[in-house]
1. Which value in Å does the Kirkwood hydrodynamic radius of the range 265-337 take, with 1/r averaged over all unlike C-alpha pairs and then inverted?
2. Given 90, 20, 283, which one lies farthest toward the positive end of the charge dipole of the chain, if we put +1 on the Cβ of every Lys and Arg and -1 on the Cβ of every Asp and Glu?
3. What is the fewest-to-most order of 19, 203, 36, 54 by other Cβ atoms lying within 10 Å of their Cβ?
4. For the range 376-392, take each phi angle, set θ = phi - 60°, evaluate the Karplus expression 6.51 cos²θ - 1.76 cosθ + 1.60, and give the result in whole Hz per residue in order, putting x for glycine and proline.
5. Got a sec? Charge dipole of the chain, +1 on Cβ for Lys and Arg, -1 for Asp and Glu; which of 106, 408, 359 is way out at the positive end?
6. Counting only C-alpha contacts under 8 Å and six or more residues apart, can you give the relative contact order of the chain as a whole percent?
7. Using 0.36 nm times the number of residues separating residue 337 and residue 93, minus their current alpha carbon distance, what extension gain do you get?
8. Fewest to most neighbouring Cβ within 10 Å: what's the order for 481, 161, 463?
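What follows is calculated from the coordinates using simple rules that are stated; it is not laboratory data. Note that the structure is a prediction, hence the values are computed from the model and not measured. Neighbour counts are summed over all protein chains in view; Cβ atoms, including those assigned to glycine, are modelled from backbone coordinates with ideal geometry.
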Amino acid sequence: MSARLFAILLAVTLGFRLWLAQATPITGDEAYFIWWGWRPDWGFYDHPPMIGWWLAALLHWGDRELWLRLPAVLLPALLSLAVAWALTALAPRLGAAQRYGIAALILLAPVNVWNIFITTDTPLVYFAVGSGLAWLRAARDDDLRWYFISGLLLAGAVLSKYFAALLGFAYLIDVLLRRRPRAYAGLALCYALTLPALALMAWWNAGHCWPNYMFNFVNRNEDAGLSWRTPLLYAVTLLYVLTPPVLWLALRRRGATAMSFRRPASADFPACASLGVLAWVPLALFAALSPIKQIGLHWLLAFIPFALLWTALRLAPETLRKLLRFFIAFALLHMVAIMGVARLPLETWQKYGFYDGLVLTVEHQAILQELAPYRDNGWVLAMDGYSNAVTLGYDARQYFIVFGLASSHARHDDILTDFRALDGRNILVLRKSVPDPAEYRPYFRQVEIDSFSVRGARFWRVKGEGFLYPAYRDGILAEAKRRYYALPAWLPQTACYFCDRYFPGEACRR
């Protein structure tokens, strides 16, 4: 592939992603992390703090969708350019046409065509791929300077998402296979650089009920169990994110895959063995986990570039050109399909169960208009689920609390909302489903319910006058404590916002 064709593909995909980022309303996950940016801290409920810090910096200059999504929009272009640049050192005998062709595979990977959402995965991919490329450069001649750079970037990945541990584990496997003294020293240096990040997370969690541990290892895994469906779903996910031709080409060279873990450095690609480890060890770990846990598509984003790079470097130039033609056609198919869907009337989706949520996201101004009299008269606005609450809160530029028990995903609201301060206030709870008045009467002096429709979707307003905090504490907050804050005794704790606030003298322990 010529540099000119690569530049054209980069410009076309970037233009499409800029349009898509502007045309797509902020989603629930994005709004959740945007609120982190509006209220920055050293840590947050379910993930490390990096995305909150990034968004806090962006929010200093603006809060529109395209601006906040800019790091995600630019990600595929910057990754592909980084790979093209890195290949000049990693594969010095590779021609420019092959370098640009491999970079184009990264640029046109299916998820990279449409994923414009700013989430924890965005900084993770930046840091993880950067760390991996630096590691491959270090593995060429065990240069401690590159191990240092890899370690710094790995620390950034650790502060982005816990899946960075899979990359760190791949580094360990790589060093054990290479068995060179300077490689062990490089690994030690790399790991040492992540210790301040790990210490920060441990310090913050110890003073905040250990929410990262409770969410990721306890509360969100209540439904975990052996299933034949989840491995099948993981296989389908891999088939999509890597594409069938890439998987077929990789499987055809499965013998080379095993050999690449042991093969010594070669003149064509001195770090070939290390790349094989980075490409497939994380994906194999996800495969091992898949029988008991559904593997999300976004979990794979930080590791897909290594698998594409490993596969492409083993292809003959003609095979690479054929693969590129497939990737270009598949990317165009994505673009045409997305632009076609964008032109459909909203009511097209009315018969589907997600329609009310779609209306809430797209027609937020009409919904906020229905709530305007209550906003203007000092009512506290709430919803019964966190995703919808933060989405509507972003659109209103006003925080919506979560009223009721909700789920483990709603617990960041426990950090932000102090129900003691709401005693006696009027609270309006917006719902997408028919409310049961009996769920609300114990917690207010008076409850009234009505509804309204927007674009064929119906919403309910639960208007509670005179909030009764003591009853809510004993009914809802006590159940939340039992269900979501039963910390194991072995975890050291310096403070807990939930128990210290609502149940002083009672430890959040099992």
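1. On the way: mean 1/r = 0.0695 Å⁻¹.
So the Kirkwood estimate lands at 14.4 Å.
2. Comparing the listed Cα positions along the dipole, 90 ranks first.
3. Details: 19 17, 203 13, 36 25, 54 21.
Listed from fewest to most nearby Cβ atoms, that is 203, 19, 54, 36.
4. So the Karplus estimates, Gly and Pro as x, are 5, 9, x, 6, 7, 9, 8, 9, 9, x, 6, 4, 5, 5, 6, 5, 5 Hz.
5. Working it through, the farthest residue towards the positive pole turns out to be 106.
6. Numbers: 735 pairs, mean separation 80.5, N = 510.
Averaging sequence separation for qualifying contacts and normalising by length gives 16 percent for the chain.
7. Values: separation 244, 0.36 × 244 = 87.84 nm, distance 3.91 nm.
The residue 337-residue 93 span can extend by a further 83.9 nm.
8. Values: 481 20, 161 26, 463 17.
Ranked by crowding around the Cβ, least crowded first: 463, 481, 161.
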